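To start, the structure itself, in structure tokens.
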Amino acid sequence: MFELHAQLQKDCVVVGDFTLCRVLLLNDSQYPWFILVPRRAQMREVFELADDDRAQFHRESDRFAVLLADIFSADKLNIAALGNMVPQLHVHHIVRYQTDPAWPAPVWGKLPAKPYEAAALQAVLDKVRIALRGECGFVEEEK
């Protein structure tokens, strides 16, 4: 049975669900930073997904990347699956700008997270949820 890792629960806000992946927003206002987590138990690596799930993951990740780049007018999108600290399979989708505080370095460990203020968090969630409607079976998180 799928259960979201405790660290992801602590650090993120649930945006909603694609057919396969839970969509999370990392609570760091310095970057539009999202995480896709396939809702499959005990997965650590993308290659461990069944063939159909792996194909679905790539459809969701690719479509999500296109939407993020568009709605946030990204200079660059960083997509990565590390898993060194959180072993549960999860893939970061980070919108980057040449003006962001870590540019051009990777964001990991560069600066401490700055949590969103309530209004800014809601604005990002609303923007992304609207863009995701009708995409890859997306369903919003119940409020």
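The figures follow:
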{"read-out": "The chain, helix-only ellipticity at 222 nm - DSSP H runs n ≥ 4, -39,500 (n - 2.57), divided by all residues, nearest 500", "value": "-9500 deg cm²/dmol"}
{"read-out": "Accessible surface, the chain, averaged per residue in Å² (probe 1.4 Å)", "value": "55"}
{"read-out": "Acute angle (nearest 10 degrees) that the helix 51-71 long axis makes with the longest principal axis of the chain, alpha-carbon atoms", "value": "20"}
{"read-out": "Size of electric dipole in segment 35-78: Cβ of Lys, Arg +1 and of Asp, Glu -1, about Cα centre, debye, nearest 20", "value": "120"}
{"read-out": "Phi-based couplings in Hz for segment 12-28 (Karplus 6.51, -1.76, 1.60; Gly and Pro marked x)", "value": "10, 10, 6, 8, x, 10, 7, 4, 9, 9, 7, 9, 10, 10, 5, 7, 9"}
{"read-out": "Alpha-carbon gyration tensor eigenvalues x 5, square-rooted, for the chain, Å", "value": "22, 17, 15"}
{"read-out": "By accessible area with a 1.4 Å probe, ligands and nucleic acids excluded, highest first: order of T99, T19", "value": "T99, T19"}
{"read-out": "Total lysine pairs whose alpha carbons fall under 26 Å of each other in the chain (8 or more apart, or interchain)", "value": "10"}
{"read-out": "Relative contact order of segment 18-143, defined on C-alpha pairs under 8 angstrom at six or more residues apart (%)", "value": "31"}
{"read-out": "Distance (nanometres) between label positions extended 7 Å along Cα→Cβ at W103 and M1", "value": "4.6"}
{"read-out": "Size of charge dipole - the chain - debye, nearest 20, with Cβ of Lys, Arg +1 and Asp, Glu -1, no other charges", "value": "240"}
{"read-out": "Radius 13 Å from Cβ of E3, net charge of other residues (Lys, Arg +1; Asp, Glu -1)", "value": "+3"}
{"read-out": "Percent carbon-and-sulfur accessible area, segment 20-143, ignoring ligands, DNA and RNA, probe 1.4 Å", "value": "52"}
{"read-out": "Amide H partners (placed H, <5 Å) of C21, local residues excluded", "value": "R39"}
{"read-out": "Amide H contacts under 5 Å for K76, placed H, 5+ residues apart", "value": "R96"}
{"read-out": "Charge dipole (the chain, unit charges on Cβ, about Cα centre) - positive-most of C136, V15, Y97", "value": "Y97"}
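The values are calculated or read from the model by the stated rules, or taken from the named source; none is laboratory data. Everything numeric in this text was worked out from a predicted model, so none of it was measured. In this analysis, Cβ positions are derived from the backbone assuming ideal geometry, glycine residues included, and neighbour counts consider all displayed protein chains. For accessibility, only protein heavy atoms count, side chains too; no ligands or nucleic acids. Shrake-Rupley method; radii C 1.70, N 1.55, O 1.52, S 1.80 Å.
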